[in-house]
Protein chains: 4
Amino acid sequence: MHYNRLGRSGLQVSALSLGSWITYHNQVNASGAAELMAQAFDAGVNFFDNAEVYAKGESERVMGEALKKLKWPRLNYIVSSKFFWGLDRDSAGINRKDTLNRKYLMQALDGSLQRMQLDFIDLIYCHRPDPHTPIEETVWAMHNLIEQGKALYWGTSEWAADEIRAAYEIAERHHLHKPLMEQPQYHLFHRKRVEQEYARLYREIGLGLTTWSPLASGLLTGKYRQGIPAGSRADTQEWLRAQLIDPARNAAVAALEPMALELGGSLAQLAIAWITQNPNVSTVILGASNARQLSDNLGALALREKLTPEVMARLEALTAPHAQ
Amino acid sequence: MHYNRLGRSGLQVSALSLGSWITYHNQVNASGAAELMAQAFDAGVNFFDNAEVYAKGESERVMGEALKKLKWPRLNYIVSSKFFWGLDRDSAGINRKDTLNRKYLMQALDGSLQRMQLDFIDLIYCHRPDPHTPIEETVWAMHNLIEQGKALYWGTSEWAADEIRAAYEIAERHHLHKPLMEQPQYHLFHRKRVEQEYARLYREIGLGLTTWSPLASGLLTGKYRQGIPAGSRADTQEWLRAQLIDPARNAAVAALEPMALELGGSLAQLAIAWITQNPNVSTVILGASNARQLSDNLGALALREKLTPEVMARLEALTAPHAQ
Amino acid sequence: MHYNRLGRSGLQVSALSLGSWITYHNQVNASGAAELMAQAFDAGVNFFDNAEVYAKGESERVMGEALKKLKWPRLNYIVSSKFFWGLDRDSAGINRKDTLNRKYLMQALDGSLQRMQLDFIDLIYCHRPDPHTPIEETVWAMHNLIEQGKALYWGTSEWAADEIRAAYEIAERHHLHKPLMEQPQYHLFHRKRVEQEYARLYREIGLGLTTWSPLASGLLTGKYRQGIPAGSRADTQEWLRAQLIDPARNAAVAALEPMALELGGSLAQLAIAWITQNPNVSTVILGASNARQLSDNLGALALREKLTPEVMARLEALTAPHAQ
Amino acid sequence: MHYNRLGRSGLQVSALSLGSWITYHNQVNASGAAELMAQAFDAGVNFFDNAEVYAKGESERVMGEALKKLKWPRLNYIVSSKFFWGLDRDSAGINRKDTLNRKYLMQALDGSLQRMQLDFIDLIYCHRPDPHTPIEETVWAMHNLIEQGKALYWGTSEWAADEIRAAYEIAERHHLHKPLMEQPQYHLFHRKRVEQEYARLYREIGLGLTTWSPLASGLLTGKYRQGIPAGSRADTQEWLRAQLIDPARNAAVAALEPMALELGGSLAQLAIAWITQNPNVSTVILGASNARQLSDNLGALALREKLTPEVMARLEALTAPHAQ
């Protein structure tokens, strides 16, 4: 396993990490989660990503149970949670959904700690920007949670560059803990934010990235080249369908497969390896839901050194025209 | 129910909220309070106002008992308390009355938390300005209470604009939590402070308002047009009498009633609706003491959309000459 | 009783207050202390001064027992402690004597809280300046003790004006709690520091004074006019003797007595009343060790209004030439 | 015993102090440690140095047991720990070794407190610089540990002058606790860092030094003049061998011995006394592992006053050419 610094920090995260989104509770129970996490951990993975909203809190509960079983020393692993959407969305809970206000954040983290059975969470994220809460209010809440010892570092997910910069500068001015990392979507077909919008932030504020959706919800495994398999995400989640069956992208995917084989790996491994070569990416969060998939995905690092300038150029030519 | 941001914050308060002043303990016991609060909550109200001084602490105790019965999730409601007058006024307690000194504030909030059986109060207010305590001392105490997790946001009640501004600027300079909201009296006959004195504060520091006395102690229900009903506040509270039986104001009230009927509502609803149309008002604190009254008052929002420019102009012509 | 603000703060202290120096434990046990404190409290005294060093901690223990017996509401009284000399002076305890270093201060206050059986002490003082500890280190320790909720306000005792100013400015620069009050010796024969050296501090940083030794260790009661009574402090404490039997001062005292009688009071009352007329003095700490003395001393306020400009001029003429 | 201020602080450390490196657990068990510590304490030593890495945590455990036995008042002694290498170095623990990141530091100190059975450690050190963690991250962690009451002062060990200066200036800018002391290697043959590199830091930021290896791992006792004794450190620790048997240095040592005898002391005493005459050294950490050695080393202070300018010149001439 390779390890990278998480942005400007001294914390090292494994180049590949394991996320629980859409898998824990829904596809994987606590003992399944413990098995997958053990498999990843044995391969060197030290970061396990989570969020309050995943399976409405059940993903945190499942991971908590798994951690209890696994009995790893607390210093040996890093867990995260993310906050924005809240756990439920009834009308009486107007301050507990789609928000980064102080009230929600202070109480939401307490809930996560309880569900995960932990004293602190290593990384906490603002899961989305909240245009209705001043960034200063959110920065203060993040700072206070760290001062209280309930979290160690904080960051953002899918924030615009100017919002991240504002949070950093407000924290600098008021002597508060600064945001450290951002969790953006990043894969061969989704690149603009990471490659252009954030460019200045890597240099100037040392922003680190923990990227999600390395396989574009399955598109980059090639599974949608022949249409929509029953039970697949394109089948069950309508909002994803159009981009998953996009003909130009699937054609590009078809052209990538021989490249992967040629390099001695799978299509998924090639797609993941391509992300790890970006020096601004601290870790690629994998979404594997079974041992075979996870094992395949973890193999991506072997392909990384084979990404010669020539290979990179071919990848660029095939995917860039269809990327956003 | 409409919801507004509380000033510049990300916290949303219902446009109408429920206060416990003069009602809890005096007119309403814990089970009555729980019924009224449930009625309001079911109608979308999420903010319940209180103060240490109301019924000498009994109002907080009653609300605490009611909250215990109601078992609402803590994230779903907002409660406040306010501090200045203290719980009792014996001579030995010179530092616990009419003050915003650090000693009083630190100990007073602990008392409120105990009476309300809560770990924290969402909003704490400095109930009046204290000319004898430097604003810096009060800002530090408010900041420390928030840092200790005993409160989430702080504000003022009936402070002058320059005092609010001073508190904000001292907090900015010393990197402390800034005041967020002010609780002024505001109704058709009491407007200058909200409309003129604070004007710059809305724009420049994002001040939010939680207004009290929407019906001018009953004057705007029309109950004093025919004199002083026995047991009414004008009957029992001498300091209110003169303004409640003011002939010019009661004449204006008489002229408002046909307007209200014309718009399909009650006089009280019209008076309340008029306040909610002020974009700087985050919430109007209702003082209803029984289900019928509360139900009527909550109906005010239906009238709000009927406040056309023409209706507003007529309201202005009738009341502005008699307003302060 | 009159009450004054403690310097710039919003806290009110009785114009006369009760100290435990040289009395508690040595002359007065816990039940005696409780009686004296009750007598003072009933007369309106709300501030009870103490220090770690008084009777090597026993004075705090005695006061703690007395407070437990008295069961006053915590908001109704103010207690202090002071730190510098430490509890004992064995060679192994080099960091616990004559110092204001962080280690000593943090641990010493914990000891005081235990002895006094309190959760917090209202006022903590740096009992003397420590030329060997940077003022910044001491300011940080005082700030941290207040942030931890173990104290409410902090000040100094017998510091030079430039040291107090430095502490204030360092706290302002680093956004820490600022020193509020100073406890200097002040009486008719010891005036320069209070009247000249500190002059700028009252105006510019709002310094408050809690003064000690109002009767100049008994000199101003006239007891040394005829020599040294057996068992008196001049008899038992050699370091005090010379100034107590100073002939010029005792002659001045002799001349003050008829003035006191003329005004209808005692010599001690006149001396105390003179201090209370200084607007920069927040409270005069009395050292009475029995009910009669305390009763006499508390009567001083009655004389205060009789200090006409003429009386003041006569006092000045008699004492100023012999004052330092 | 002489006592020096620890750098600019008000804390006094004995000119000679006792370290547990390479001795506790390995050569000395808890009861042996208690005996050595008692011997040193009785001779006036008040500082006992330790580190997480010494004997992989066992040195802290041994000292904790010894302290429990000794029952000294907590104010009478100073203990340290240092953090960087971590307790173990398995691959899964990538964030717990060779680092000064926030996660490691926060958790590591908790471990030390447990092993030493203490509520707080007086001095905590960053045991080495970590080029991969921004100094700002480490300064914040040190500050937070002090604010939490788990440590009183913090410093560095073997940091470059620019790193120490950076830590100081970052703390000053963000109003955090500043580094106070550095623990460098310092003896007659290792002088450049202390004498040249740090020169400006003593004057400008009041840096204090707690120096280690006063006898150059035994070289300055003369034990390596005749080759390598079996079981000696040059025998068992290869990384030390070359410098311990360096002929030029051993020749210089041979020439020092008559000087020591002439002054009435041992070679080791002369070497230690020479360090104590450096006004920037707050304390010399001795590494004695038995009573006789310790007794000899503690005798060094007697030689200090005999270091006349002539003696110093002869020492300089003999050792400077072979020092780094």
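Structural remarks
- Conditions (1) modelled with pLDDT of 95 or more; (2) farther than 30 Å from C:Glu197 by Cβ; number of the one not met by C:Ala151: (2)
- Residue list for the stretch D:257-279, filter: surrounded by fewer than 19 Cβ atoms within 10 Å (Cβ to Cβ) and among the polar types (S, T, N, Q): D:Gln277, D:Asn278
- Looking only at the stretch A:137-181, and only at residues there that are surrounded by fewer than 19 Cβ atoms within 10 Å (Cβ to Cβ) and charged (D, E, K, R), the one that is farthest from D:Ala108 (Cα to Cα): A:Asp162
- Meets criteria (part of a helix (DSSP H, G or I) and farther than 21 Å from C:Arg5 by Cα) for B:Glu52: no
- Subset of the stretch B:20-65 that is within 14 Å of chain A (Cβ to nearest Cβ) and without any contact (Cβ under 8 Å) to a residue 40 or more places away in the chain - its residue that is surrounded by the fewest Cβ atoms within 10 Å (Cβ to Cβ): B:Asp42
- Residues satisfying the stated conditions in the stretch B:137-152, i.e. under 23 Å from D:Glu147 (Cβ atoms) and out of contact with any His (no Cβ under 8 Å at 6 or more places or on another chain): B:Glu137, B:Ala141, B:Asn144, B:Leu145, B:Gln148, B:Gly149, B:Lys150, B:Ala151, B:Leu152
- Looking at A:Asn50, A:Asn46, just one residue is at pLDDT 95 or above, in contact with a Gly (Cβ under 8 Å, 6 or more places away or on another chain) and over 26 Å from B:Lys150 (Cα atoms), and that residue is A:Asn50.
- Residues that are within 27 Å of D:Gly44 (Cα to Cα), part of a loop (DSSP other than H, G, I, E, B) and among the polar types (S, T, N, Q), drawn from the stretch C:78-135: C:Thr99, C:Asn101, C:Thr133
- Taking helices (runs of 4 or more DSSP H) as the structural unit, those lying wholly within the stretch C:260-324 and holding at least 1 residues that are within 16 Å of the chain's Cα centre (by Cα) and over 27 Å from C:Pro247 (Cα atoms) correspond to C:291-298.
- Among the residues of the stretch A:66-100, those that are more than 9 Å from chain B (Cβ to nearest Cβ), touching a Phe, Trp or Tyr at 6+ places or on another chain (Cβ under 9 Å) and of a type in the set (A, V, I, L, M, F, W, C) comprise A:Ala66, A:Leu67, A:Leu70, A:Trp72, A:Leu75, A:Ile78, A:Val79, A:Phe83, A:Phe84.
- Flag for C:His190 being modelled with pLDDT of 95 or more and under 26 Å from C:Ala151 (Cβ atoms): no
- Subset of the stretch A:197-221 that is away from chain D (no Cβ under 14 Å), not polar (S, T, N, Q) and not in a helix (DSSP H, G or I) - its residue that is surrounded by the fewest Cβ atoms within 10 Å (Cβ to Cβ): A:Trp212
- Selection of first residues in the stretch D:112-135 that are farther than 18 Å from D:Val53 by Cβ and of second residues that are buried (at least 20 other Cβ atoms within 10 Å of the Cβ) and charged (D, E, K, R), restricted to Cβ pairs under 7 Å at least 6 apart or on distinct chains, gives the following pairs, ordered by first then second residue: D:Asp122/C:Lys103.
- Single residue of the stretch B:113-136 satisfying the filter (over 21 Å from B:Ser59 (Cα atoms) and in contact with a strand residue (DSSP E or B) (Cβ under 9 Å, 6 or more places away or on another chain)) that is farthest from the other protein chains (Cβ to nearest Cβ): B:Pro129
- Any hit, the stretch A:280-287, residues being surrounded by 15 or more Cβ atoms within 10 Å (Cβ to Cβ) and modelled with pLDDT under 95: yes
- Among the residues making up the stretch B:140-165, those that are closer than 20 Å to B:Thr210 by Cα and aliphatic (A, V, I, L, M) are B:Met142, B:Ile146, B:Ala151, B:Leu152, B:Ala160, B:Ala161, B:Ile164.
- Scan of the stretch D:10-39 for residues that are under 30 Å from C:Pro129 (Cβ atoms) and more than 18 Å from the chain's Cα centre (by Cα), ordered by number: D:Gly10
- Flag for C:Thr156 being within 14 Å of chain D (Cβ to nearest Cβ) and either touching a strand residue (DSSP E or B) at 6+ places or on another chain (Cβ under 8 Å) or of a type outside the set (Val, Ile, Thr) (or both): no
- A Cβ distance below 9 Å, combined with a sequence gap of six or more or placement on separate chains, defines the contacts here; from the stretch A:171-187, residues that are touching a residue at least 12 places away in the same chain (Cβ under 8 Å) and under 30 Å from C:Arg173 (Cα atoms) reach residues that are hydroxyl-bearing (Ser, Thr, Tyr) and outside any helix (DSSP H, G or I) in the pairs A:His177/A:Tyr153; A:Pro179/A:Tyr153; A:Pro179/A:Thr156; A:Leu180/A:Ser9; A:Leu180/A:Tyr153.
The values are calculated or read from the model by the stated rules, or taken from the named source; none is laboratory data. Please read all numbers here as calculations on a predicted model, not as lab measurements. Cβ atoms come from the backbone with ideal geometry, glycine included; neighbour counts cover every protein chain shown.
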